Structure formats: structure tokens, C-alpha cells
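Read the structure below first, then the notes.
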Amino acid sequence: MEQHIVSIRLFSKTGGKNMSANSQPLIATIYNPHNQSKEALIAGFIARKQKFERIFRDIRDSTMTKPEQHYLIQGIRGMGKTTLLLRIAYEIENTPELRQRLIPIVFNEEEYGIGSLADVWERTAQYLGEADIAFADLYDNVTKLYGQDDYEQRAFQAIIDALQKQNKKLLLLIDNIGDVLKKLDTQEEKRLREILLTTSELRLIGATSVAIEQVHDYTKPFYEFFKMIHLEGLAKQEAIELFLKLGETYHTEAVQQLIERQPGRIEAIRRLTGGVIRTMVLLFEILVENGSGSVFRDLNILLDRVTPLYKHRLDDLPAQQQKIVAALAQAWDAASAKELAQVVRLESKVVSAQLKQLIDNNVVEKVETKTKNHLYRLDERFFNIWYLMRFGRKTDQRVLWLIRFFETMFAGDEEWMQERIDGHLKAMEVGTLDPEAALYLTTAFSTIIKDEEIEDKLKKTTRIYLITKGYNSLAANITYSKQEQVTEIIHSGKYAEAIKFLSSFNNKNEAILLDLSACYLMNDETLLAEENLIKSFTDKKEYLINDINDHQSVSLAAVIGLVNGVKIDIEINGEVKKNLFSTDKSRIAAEIAIQYFTNKLANRKNISFSIVEKFIQKAVNTVKDIRAFFVYDIINLWNDYYLTSYTLNKYIDGILSHLNNKNSIFNDPLNRLTKEFLELLLAKKQYHTAYNYFQQEEWQLKDRFKPLYYATLHFLKDEYPTDYLRMGSELKETVDDVLSEVAQMAIDYA
């Protein structure tokens, strides 16, 4: 009767032969390939094809008329050893010629019931009986011999006799064979070696996740006995093939997009995991699915999933090696043997010897240097990340592992990093993000991101999100962004310190350049103040020369520069010329202040006041342009200093002389500044002051700003009811718009 390999009967608990290749997710069976159907395992077998074909070709071509070479497959946990053993067994079953003469038996990955060589033969007899009905009575026949002095020899001979009777050969596929060998005493080891050397009916393929002492110690019976097959991390092409196969199983479009759009991402995953198949499969879902901002949750789940794998890896190591691994994990960056010796408090020669074994076991990677003092780090970076999360210092473990993960995954790919940040911000916007995830992800992203503007947005958004959700204690853990730190430094008047800090920014956007200009000016470095101010206009040169229809686009440069005949050179051949302000401090001061104002930078109104006070109010006799005083009044109002506005009264005639000139090229910006000033008076509830300006007939403000005039009367209609009623119906909608603007300004310039 045709036999079946034992692994199907023992392990196909979730579907057996009738299960389709793709009906079981690989992730569901990643820790126990035995639970995967034969069809699914064969369909998903990609990564170790060359190793498989090499071993299987040897099995197929060997007649076993004499003792054959035995194999030992070595690779850290998750490298595919168990899957390779099963794949060999399944191929034997699927090959009629081999099936007729060879029975493959796959032992359980953990054989806790084996404590002696006799136990090995008992378990073999049991598996043979389950694999082929011709051996159904073998286990009982063997165990009946128990109690005799030579029980082990008799048990083994009973198996050989049964095989010879059926004209069969036996292939033992034993996972974690090191655990079995450890349980044998020296005599049993010698006995097993002798059997394997002299018995043609039996062939052994073992697998181990660590370097077995019995194989590497020249005093042991199995020293250099096996033909070694080393399973190393997947190569680049193997990793791509693995992901394509995973895509066929359940994420075809996402994986294809990942490979086509970001081929470097696969390589990053491979490097991060050290090419360990099991970890790559576990990491797979996060990288192709996570568009909902749930990366923190998914990574936590992933770390839970890999815990059995990594915990076993640590448990497999001797105590001294565990200490060295712990030290390397905490260090993250490569360390020398001497540095490790200081941390683990062992002699350097002891550490070096243990490092050699860790390298042999593919746990540690050696980084060659030009000296004898080489460096060492954990080979699989994700193992390092897992250790930081599970065993790192409590103060940093929840964040540090995330930082290391993102640093590795997003290296050189800012676009993909930004997509993750956008997803994170979106999750907070819709309110679906777990509060702890919000905190830890923001902290990790903020640590890695090089753009200070994005960092600021991340931290402010998260702080508001957590407070809104009622998690004030979590919000308190969010440190100030670099932009917030700059604000504090500027408020304290430490301008030299602020200059140094701002100069280190990666993203010197308009706001940063404006801050630099302000700080340089307050530090009496006028040329540098002017240079940075002009740089801030580079991306908005239209503000200087075009019609201005938006109050946020007002640039005093167009007003105070051109009015006085100062030539403004705009961009020529990509370069902004630097004679915009002719180093007039009052003009520079006015421009900086009005830019802060029109950009609604509430946290800069203090320095705006300091600037206009120092360079306009206190230097009143040297100020050459009256428009600077206009800005001075606006900034005073912004800071809630309700003066008599003597400056406006004193210089308004000069300003309005240009307003009265219909051909003046400055009408638009001057009109806008005047409108800004009057609206700000209303926003600050200075209704009577605004009304008094409108009553100055020579200034003709009523005619120029009629909607603003009636908006002023709106607030004073109890005092001037008749005047308010004079408003034509065609103005009502416009006046309502002005009132809305005033209401918004009251908020923006509070």
C-alpha cells in the first residue's frame, strides 16, 4: 500500500490535502509551517529553492545501497529551516519513484518527550506506523522490548528489520536536532554516530538555529560529521520574489505598487530584518496596508508576533552571549570588543571568543576596520528594535524603538516618510488615533524629520488632539518644537542665541528668514538683517511689484522704497538684488514688523513692538520715511497700546497726498495699509478713534473707505442713528463683509 509522509497526518490540522494553496494566509502559519497544508506550503515556497534543489537532487540520485552523507541545516530562527525540511518531505511524496522506496519522517519542531537514544527509536517507530500501514504494529513491537538491558539496540534493530522486510529506506528530518543531541550522553552520541556511519537504511537531515557544540568541538563524536547547509538572510532578488509571491496570495496591487514605485523599500525591509523570512512576512502587512495612521498599533502587534521568535533566539544563547547581545542592543550602533567588555564586565578575550560564536550563529555582524579593533552590532536590526521595545529603559523604550524603525525604513525616502506623517495627521484629524499612538508616533517622527515646520505642525497638532481628548498628562510629554523654542528665546531677548539656533535650521522658510532678519536687526547687524529680509521675498517677488489685492500680501517695501526714489531690483537671472532698503534701519524695521503683522504671527507681536520702538519711535528724528510711522501705529494697536496716534495725525497728510494722486503707483498698497489700520481700530474696539479720522474732511476717508465708514457707524449706531441710516442698500452686503473681516481680525490680532 502506498505510504504517506507523516507530517500530513500529524500536522495538517486546518485543512489537509483538500485545502487550496491560497486559502490559508501565510502569516497565520508563520510560526508553525506544519499547520500549513502541503499545497499551500509548496505554492509559497520560494526563498530556499537553490538549497532545496541541491539537497533533493542528492536524495533522488542516491540509491542508499551504502551509508550516505548526512546533512545539518543551520540558520537562526525564522530563516526557513522547518519549511525546507517539510518541502523536502513533500517532494519525496510527490515523486513516484522515490515514494516507492523512501519514507520521509518529519519530527516535531519541539520533541519534549525525547530524553535518550531509545526515545528517538520509539518516536521513529510511532511516526513510521502513522506514515504507512505496513508499519502499523511496529511501535507496539518496539515498546514490548522495554526493560531489557539492550533495549536501545533491540529497538533500533526492530526498525531496521521492518524496513528491510518492506524493502524501504528511511529519511529522518529532525528540526532542532541540537536539543536532541544535548539529551544524549557521550556513549549514546558515539552509538548514534556509529549507526549513521554504517547503516544504509537510514539517512538524517537535521536543522538547528545555533552552532551545535557537538558539531564544532573537536573532542565530540559529531565533530565535522555533517555536510553543512547554511541558511543566510535572503538576497535582494530573493526578497523581491518573496514579496511578489505574498502579493499573489493577498495584496497583489499593493505589493506591485510597492515594488514598482519604491523598489528600495523591499531592500530596506531586507536590511532591517537581516533577510529573515519569518520577520519579513510579518512586516509585510504593515508596509503595504498602513494608510490609516495605525502604524504604531500594527508595529506593536508585529513586535508581539516576533516575540516567540526572538525570545527563543535569546534563550538559545549561553548566559555570557545573552549579556553581550543585550549590550549591543542597547548600544544600537556598532561597538568594539573592548567597549562591550566594559559594559558586560568580562575580560576582552572572553568577549572576543563569545563574539566569534555569535557571528557563526548569524546573531552578530562584524564591521571590519583598518585596525585590529573591529566593530560589532546585531545582525538583524529588527531584532535590535524588538529588544529596545521589550527590555529597553522604561524612559525611552516606547519611543526609541519607533525611532530606530523609522530611521531604518525611511532612509533616503522622504516622500514615503511624508506619506506616513500625512496619514498620522489625518488619523488625528478624523479622531481615530489611539492617544498613546499619537504621542509615541509624533515623538518618533519629530525626532527623525529634518523639516522644522513639519515637526512644529506634528507637535502642535498632537498636543491639541490629546488635550481635546482629555489626555492632558500625555500632552504634557510632548516637548517644545524647535520653532516653539525659538519663540521663547526671542521673547527673552536673547537675539544672538536665537540667531545661532535659527541658522542651524534645515528648512529656512519665509518665517525663519524673517526671524533671522529681526534678530540680526535687534543685534545691530543691519547688513545681515537686510540680506535675510530680501531672501524672505524670493518666493513672493510679486508682493513687491504687482497689484496687491489681499491684505496678507502687503509689503511695505513697495511703499517706503519706491516712494522715496529708492530703486528696487527684483529677481534678475534668479538673483534678488540687495539694494532694496539701502540699509535704512527704520525701513527694515517697518518691513519686518508689517510682515509679522500681515502674516498674523501672534507670537511675534512682542518683537514687532520692540523693533518699531527701537528703530522708529526712539529714532524719530532720523526716520526718513513717514510710512514707517504708519507701521508704528499699527504695531502699537496690535500690542493693545491705544495711543493718541500722534504719529498718524502728524504724518497722515503726507500719506494721503499720495492717496489723492490718482496716478500714484502706490495707491493700492497705501489704500490697503490705511484700510488695515482702520479695520484694526474697529477690531480693537477703538470705534470713536476711527470715527474721528473719518470726520477729517481734508483726508477724504469717508469717500475712499465708505463701507468701512458705515461699519464704524454700525458699532456707534446708538450714538449716530441717523448717519447709519444714510447707508444705501447696495452697500449692506459689502459692509457685512467688512464686519466679518473685523470680527476675524479681533481673533487674529487679540
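The values are calculated or read from the model by the stated rules, or taken from the named source; none is laboratory data. Model, not experiment: these values are computed from the prediction. Using ideal geometry, Cβ is built from the backbone for each residue, glycine included, and neighbour counts are taken over all protein chains shown.
Counting only helices (runs of 4 or more DSSP H) that sit completely within the stretch 186-258, those holding 2 or more residues that are assigned by TED's automatic domain parsing to the domain that holds Asp161 correspond to 186-198, 213-216.
Considering the stretch 507-539 alone, what residues qualify as being crowded, with 23+ Cβ neighbours inside 10 Å, acidic (Asp, Glu) and within 18 Å of Phe597 (Cβ to Cβ)? Within the stretch 507-539, Asp515 is the sole residue that qualifies.
Mind checking whether some residue in the stretch 702-721 is closer than 25 Å to Arg604 by Cα and either surrounded by 14 or more Cβ atoms within 10 Å (Cβ to Cβ) or modelled with pLDDT under 85 (or both)? It would help to see each step written out before you state the result.
Filtering the stretch 702-721 down to residues closer than 25 Å to Arg604 by Cα leaves none.
No, the conditions are met nowhere in the stretch 702-721.
In the stretch 313-330, the residues that are more than 18 Å from Gly78 (Cβ to Cβ) reach residues that are among the basic types (Lys, Arg) with C-beta atoms within less than 9 angstrom, at least six apart or across chains, in these pairs: Lys323/Arg345; Leu328/Arg377; Gln330/Arg393.
If I ask for residues that are among the acidic types (Asp, Glu) and within 32 Å of the chain's Cα centre (by Cα), which ones from the stretch 335-380 would you list? Step through it out loud before you land on a result.
So in the stretch 335-380, the residues among the acidic types (Asp, Glu) come out as 339, 347, 360, 365, 368, 379-380.
Result: Glu339, Asp360, Glu365, Glu368, Asp379, Glu380.
Every condition in (1) in contact (Cβ under 8 Å) with a residue 60 or more places away in the chain; (2) not assigned by TED's automatic domain parsing to the domain that holds Ala590 is met by Asp451 except one, and the failing one is (1).
Yes or no: Ile159 under 30 Å from Arg48 (Cα atoms) and assigned by TED's automatic domain parsing to the domain that holds Glu111? Here the answer is no, as Ile159 does not meet what is asked.
Name the residue that is surrounded by the fewest Cβ atoms within 10 Å (Cβ to Cβ), counting only residues in the stretch 312-334 that are among the small types (Gly, Ala, Ser) and assigned to a helix (DSSP H, G or I).
Step one: list which residues in the stretch 312-334 are among the small types (Gly, Ala, Ser), which gives 319, 326-327, 329, 331, 334.
Narrowing further to those that are assigned to a helix (DSSP H, G or I): 319, 326-327, 329, 331.
Values: Ala319: 7, Ala326: 15, Ala327: 19, Ala329: 20, Ala331: 16.
The residue in question is Ala319.
Is the stretch 350-357 home to any residue that is touching a Gly at 6+ places or on another chain (Cβ under 9 Å), farther than 18 Å from Thr279 by Cβ and surrounded by fewer than 17 Cβ atoms within 10 Å (Cβ to Cβ)? The answer is no, given that none of the residues of the stretch 350-357 is touching a Gly at 6+ places or on another chain (Cβ under 9 Å), farther than 18 Å from Thr279 by Cβ and surrounded by fewer than 17 Cβ atoms within 10 Å (Cβ to Cβ).
Considering (1) touching a Ser or Thr at 6+ places or on another chain (Cβ under 8 Å); (2) modelled with pLDDT under 90; (3) not acidic (Asp, Glu), the lone condition that Ile240 does not fulfil carries the number (1). Filtering Glu188, Glu224 for residues that are modelled with pLDDT under 95, more than 22 Å from Thr63 (Cβ to Cβ) and surrounded by 14 or more Cβ atoms within 10 Å (Cβ to Cβ) leaves a single hit, Glu188.
Out of all the residues in the stretch 204-228, which are under 25 Å from Lys168 (Cβ atoms) and touching a helix residue (DSSP H, G or I) at 6+ places or on another chain (Cβ under 8 Å)?
Here is the first cut: in the stretch 204-228, the residues under 25 Å from Lys168 (Cβ atoms) are 204-207, 225-227.
If the condition is that a residue be under 25 Å from Lys168 (Cβ atoms) and touching a helix residue (DSSP H, G or I) at 6+ places or on another chain (Cβ under 8 Å), then Leu204, Ile205, Gly206, Ala207, Phe225, Phe226 are the ones that fit.
Pull out all pairs, ordered by first then second residue, where Cβ-Cβ is under 6 Å, the residues are six or more apart or on different chains, the first lies in the stretch 54-66 and is within 11 Å of Leu171 (Cβ to Cβ), and the second is among the basic types (Lys, Arg). Every condition considered, the pairs that remain are Met64/Lys169.
Being touching a helix residue (DSSP H, G or I) at 6+ places or on another chain (Cβ under 6 Å) and at pLDDT 85 or above is a description that applies to Phe52. For Asn362, the conditions (1) in a helix (DSSP H, G or I); (2) under 16 Å from Gly78 (Cα atoms) all hold with the exception of (1).
Pick from Asn507, Asn523, Asn532: which is under 32 Å from the mean Cα position of the chain (by Cα) and at pLDDT 85 or above? Steps first, please.
Values: Asn523 fails: under 32 Å from the mean Cα position of the chain (by Cα); Asn532 fails: under 32 Å from the mean Cα position of the chain (by Cα).
The conditions single out Asn507.
Annotation note: of Glu429, Glu488, the sole residue that is closer than 22 Å to Ser608 by Cβ and either part of a loop (DSSP other than H, G, I, E, B) or modelled with pLDDT of 90 or more (or both) is Glu488. Could we say that Glu152 is surrounded by 18 or more Cβ atoms within 10 Å (Cβ to Cβ), part of a loop (DSSP other than H, G, I, E, B) and at negative phi here? Considered against the rule, which asks whether it is surrounded by 18 or more Cβ atoms within 10 Å (Cβ to Cβ), part of a loop (DSSP other than H, G, I, E, B) and at negative phi, Glu152 comes out as no.
Which one is surrounded by the fewest Cβ atoms within 10 Å (Cβ to Cβ) among residues in the stretch 92-147 that are among the basic types (Lys, Arg) and in a helix (DSSP H, G or I)? So the residue we want is Arg99. List the residue pairs whose Cβ atoms are under 7 Å apart, where the first residue sits in the stretch 146-163 and is touching a residue at least 24 places away in the same chain (Cβ under 8 Å) and closer than 14 Å to Asp119 by Cα, the second is in a helix (DSSP H, G or I) and among the hydroxyl-bearing types (Ser, Thr, Tyr), and the two are 6 or more positions apart or on different chains. Partner pairs satisfying both residue conditions: Ile159/Thr124. For the stretch 56-77, a tally of residues being over 50 Å from the mean Cα position of the chain (by Cα) and of a type in the set (A, V, I, L, M, F, W, C) returns 1. A count restricted to the stretch 28-78 and to residues that are of a type in the set (A, V, I, L, M, F, W, C), closer than 26 Å to Asp315 by Cα and in contact with a strand residue (DSSP E or B) (Cβ under 9 Å, 6 or more places away or on another chain) stands at 2.
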